[in-house]
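*Asks:* Before we start, here is the structure in question, set down as structure tokens.
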Amino acid sequence: MYNEYKFKTANPLYYGLLKKFAKENKDHQTEAEDLLWNYLVGNPWGLHFRRQHIIGCYIADFICIKAKTIIEIDGGYHSQEKQQIKDYLRTEDLERIGYRVIRFTNEKVFSDLPSVLDEIFNHVVKQLK
């Protein structure tokens, strides 16, 4: 279904609108996203990550397409009940099309970046085996 579009992950019905939002998100990353991106973009694992990548009808904070892994960085509003339901449904949708979603809070990225990177690395390596 998504094969005809850039990177073969975007839903054509949403691509035009989401492309604009993805660019805005890239231009205005959160501090936690910026910090993690600085490690992902030059990672020693030799893996290619993208940021603010359109997949399905969503924009993933970070994605490693080869390992079919999405990394989401959650700010404070993700603790609200309505947002937790939306996040759950979003994760289900993304997993249905073959991706694994890993979530970290902003606080975790700031307070324990080494364990965040270890978890990402361990998951990605496991996916590639």
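Laboratory data are not the source of any read-out in this text; all were calculated from the coordinates shown. Please read these numbers as outputs of a predicted model, since none were measured by experiment. Glycine also receives a Cβ, built like all others from the backbone with ideal geometry; neighbour counts cover every protein chain displayed.
*Asks:* Once you sort the root eigenvalues of the Cα gyration tensor of the stretch 46-129 as a ≥ b ≥ c, which label holds: rounded (a/c under 1.5), prolate (a/b larger than b/c) or oblate (the other case)?
*Replies:* Oblate, because a/c is 1.5 or more while a/b does not exceed b/c.
*Asks:* In the neighborhood of Asp93, defined by Cβ-to-Cβ distances under 15 Å, what is the net charge if each Lys or Arg adds +1 and each Asp or Glu adds -1?
*Replies:* Counting the neighbours of Asp93, the net charge comes to +2.
*Asks:* For n ≥ 4 DSSP H runs only, could you compute -39500 (n - 2.57) per run for the chain, divide by its residues and tell me the 222 nm figure to the nearest 500?
*Replies:* The helix-only estimate for the chain comes to -14500 deg cm²/dmol at 222 nm.
*Asks:* Now a separate question. Classify the stretch 10-66 from the C-alpha gyration tensor, please: rounded if a/c falls under 1.5, else prolate or oblate depending on whether a/b exceeds b/c.
*Replies:* In terms of gyration-tensor shape, oblate.
*Asks:* Let me ask you something else. Residues with beta-carbon under 13 Å from that of Gln127, excluding Gln127: net charge, scoring Lys, Arg +1 and Asp, Glu -1?
*Replies:* So the environment of Gln127 carries a net charge of +3.
*Asks:* Label point 7 Å out from Phe121 along Cα-to-Cβ: which residues of the stretch 39-58 have amide N under 16 Å?
*Replies:* Taking a point 7 Å out along Cα→Cβ of Phe121, the residues of the stretch 39-58 whose backbone N falls under 16 Å are 39-49.
*Asks:* Give, as a single signed number, the net charge of other residues whose beta carbon lies under 9 Å from the beta carbon of Ile71, with Lys and Arg counted +1 and Asp and Glu -1.
*Replies:* Spelling it out: positives minus negatives among the neighbours equals -1.
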